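Working notes for the structure below.
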2 protein chains.
Amino acid sequence: MKKTKRSLWARGKSKIQNSLGIHLIADFWFGKNIENPKELEKFLILAAKKSGNIPLKFSYHKFNPHGLTGVLLLAESHITFHSWPEFGYLAIDIFSCGKKAKPEKALAYLKKILKPKKIEVKIFKRGKLK
Amino acid sequence: MKKTKRSLWARGKSKIQNSLGIHLIADFWFGKNIENPKELEKFLILAAKKSGNIPLKFSYHKFNPHGLTGVLLLAESHITFHSWPEFGYLAIDIFSCGKKAKPEKALAYLKKILKPKKIEVKIFKRGKLK
């Protein structure tokens, strides 16, 4: 199969991190702007750009009377968000495989802008290569 | 803030699982149909329905010459997929918060239909309630 820039990158990067991607899973509690899809779209696009990712498509659904579910697809995978305003909860996932991508920078930006009072983060390697 | 069906459900369910959602993270290796977005859309919608989830929106991007990134937004959160055909790799995430949702059934269906030769799965609670 033809080698692409992405696969050549992954082969190169795998020598360092031994995986195709990094996945950050974050639970934000009692932050701001978790119910405004237009604001979240803006913040997620900025978070992606600040972390070296390329935003592709934004898609969301707003529940009645409150709650959001949505995604910003990236050239390097995704940032998803799901909000439960009645619990002050926002689930954020940042899955990134870009050569220059630093998903922790996207997370740092979202923490700064959404100001959660409590946050729980897990980090995983995805697609571990031998 | 007004209690919704979703929040009333979450309060009820939290007594059992003590969290708002369940997140399955799966790395599929050397499976079938990982490069056909129309087939994947069909399989993901079926996986959602078989696991008690409600599909909302499907969105994807196809890389040139190969590789996919995409999502099926659910009323109960999401199923995302990212494929690296050159590595035989498909990253699948199933994040589900529905009362009747059983994300493990979606995963079982996708394993059956995509037939990965190797699979690694992690399971997490998201939005842990006190």
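No lab work stands behind these numbers, since they all come straight from the coordinates. This structure is a prediction, so every number in the text was calculated from the model and none was measured. Don't worry about glycine lacking a Cβ; one is built from the backbone with ideal geometry, like all the others, and counts go over all protein chains shown.
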Expressed as a whole number, the average count of other chain Cβ atoms within 10 Å around the Cβ atoms of A:118-130 is 3
Shortest first and in nm, the label-point separations between residue B:100 and its counterparts in the other identical copies (7 Å out along Cα→Cβ) come to 4.8
For the residue A:122, residue B:64 Cβ pair and Förster radius 30 Å, calculated FRET efficiency rounded to 0.05 is 0.35
The simple spin-label model distance between residue B:18 and residue B:57, using points 7 Å out along Cα→Cβ, in nm, is 3.5
So, relative contact order of chain A in percent, Cα under 8 Å, 6 or more apart, is 37
For residue B:129, inter-copy label-point distances (7 Å, Cα→Cβ), nm, shortest first, read 4.3
Out of B:81, B:124, B:19 - ranked by how far each Cα lies towards the positive end of the dipole of chain B, with unit charges on the beta-carbon of charged residues - the top one is B:19
Largest-first semi-axes in Å of the equivalent ellipsoid built from the Cα gyration tensor of the protein assembly as shown are 28, 21, 16
With +1 at each Lys and Arg Cβ and -1 at each Asp and Glu Cβ, the charge dipole magnitude of the protein assembly as shown around its Cα centre, to the nearest 20 debye, comes out at 400
Distances in nm between the label point of residue B:49 (7 Å along Cα→Cβ) and its equivalents in the other copies, shortest first, are 4.1
Surpassing 28 Å at the alpha-carbon level, of the pairs A:115/B:38; A:57/A:102; A:115/B:102; B:62/B:99; B:62/B:118; A:32/B:128, are A:115/B:38; A:115/B:102; B:62/B:99
Here the Kirkwood hydrodynamic radius of chain A, Cα-based and in Å, equals 15.1
In deg cm²/dmol, rounded to the nearest 500, the helical mean residue ellipticity at 222 nm of chain A, built from -39500 (n - 2.57) for every DSSP H run of length 4 or more, is -9500 deg cm²/dmol
Expected integer from the mean partner chain Cβ neighbour count at 10 Å over A:58-71 is 4
